[in-house]
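All remarks here apply to the structure that follows.
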Amino acid sequence: MQIPTDAMGYVFRTDSVDGGWSYIGQSTRLDRAHVSHYFGSGDFIRQVLEREGSSGLTKRILATATDQLELHYLEMLSIAEARRDGDQLLNGDFGGPRPSEVMQRALRQFAPEVMLAAGDPKRFHSGLLKHRELVEQAIIEAGTASDEEFYAGLERDLLATQDLSHPCPACLSTVGEVCRTNSRSLTAPHRPSRNHAKRPIQAV
């Protein structure tokens, strides 16, 4: 997996050899070890990696970018293209800046025609191509979200992936409350063995 020397990041695709699903993500870590062994950090792909490890997974680079704006756009385009082709993805959003609620709001503001086509994979992919400048304006806007907006959106995203039907023994969060304390990342939930169970994975 060779990356051009002028690239600052890349978009990649992780495929399950036997599971019939894929995951598309981005990374700005370009050292050889990370490129070879990083398969994604979305909540669903993280569940797979923690439960099954990386055996049975393959990874390929789809595109490289020279700046963050291009990287976000190419990730969104790659996810949309895969959905257009009927591929089953573990991605739960459009790609681009996180959390997904912030990106969706920015698309409604700057590229409403694209956002209105979100339920039609072919039209959505076409809209991303046709209205790239407007989509990039939305990406820029989403990237300026305040910390309050970011964490509120993150909590909504986690509510969609965590099973909150019982308390967490690690942080003592109560039923229905998101547990988000993680020794490696303050914005990530506990590992499955230590916290609320994860909801069953569904390709979307």
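The values are calculated or read from the model by the stated rules, or taken from the named source; none is laboratory data. Since the structure is predicted, the reported quantities are computational estimates derived from the model, not experimental observations. Cβ placement follows ideal geometry from the backbone for every residue including glycine, while neighbour counts extend to all protein chains displayed. Areas reflect the complete protein model, heavy atoms only, side chains present, ligands, DNA and RNA absent. Shrake-Rupley method; radii C 1.70, N 1.55, O 1.52, S 1.80 Å.
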Problem set entry | For H72, solvent-accessible area (1.4 Å; no DNA, RNA or ligand), Å² | 30 Å²
Exercise. Is the shape of the range 84-152 rounded, prolate or oblate, going by the alpha carbon gyration tensor and its root eigenvalues a ≥ b ≥ c, with a/c under 1.5 for rounded and a/b larger than b/c for prolate?
Worked result: oblate
Seminar exercise, completed: Taking a crude spin-label model, label points 7 Å out from Cα along the C-beta direction, the E148 to E133 distance in nm is 3.4 nm
Exercise. When Lys and Arg each count +1 and Asp and Glu each count -1, what net charge do the other residues less than 15 Å away from L62, Cβ to Cβ, add up to?
Worked result: -1
Problem set entry | Local net charge near V35, Cβ-Cβ under 9 Å (Lys/Arg +1, Asp/Glu -1) | +2
Exercise. With the Cα gyration tensor of the range 1-122 giving a ≥ b ≥ c as the square roots of its eigenvalues, does the rule (a/c under 1.5 for rounded; else a/b larger than b/c for prolate; else oblate) give rounded, prolate or oblate?
Worked result: oblate
Exercise. Using a 1.4 Å probe on the protein chains only, how many percent of the accessible area of the range 1-44 belongs to carbon and sulfur?
Worked result: 49 percent
For this session: Kindly report, to the nearest 10 Å², the accessible surface of R29 as traced by a 1.4 Å probe over protein heavy atoms only.
Result: 120 Å²
Seminar exercise, completed: Here the gain from full extension of R108 to M8, 0.36 nm per residue of separation minus their alpha-carbon distance, amounts to 33.2 nm
Seminar exercise, completed: Simple SL model, points at 7 angstrom along Cα→Cβ for E155 and R60; separation in nm is 4.2 nm
Problem set entry | Accessible surface, the range 1-134, averaged per residue in Å² (probe 1.4 Å) | 49 Å²
Problem set entry | Contour minus Cα-Cα distance for R32 and E52 (0.36 nm per residue) | 4.9 nm
For this session: Provide the net charge surrounding Q2, with neighbours chosen by a C-beta distance below 12 Å and charges set as Lys +1, Arg +1, Asp -1, Glu -1.
Result: +2
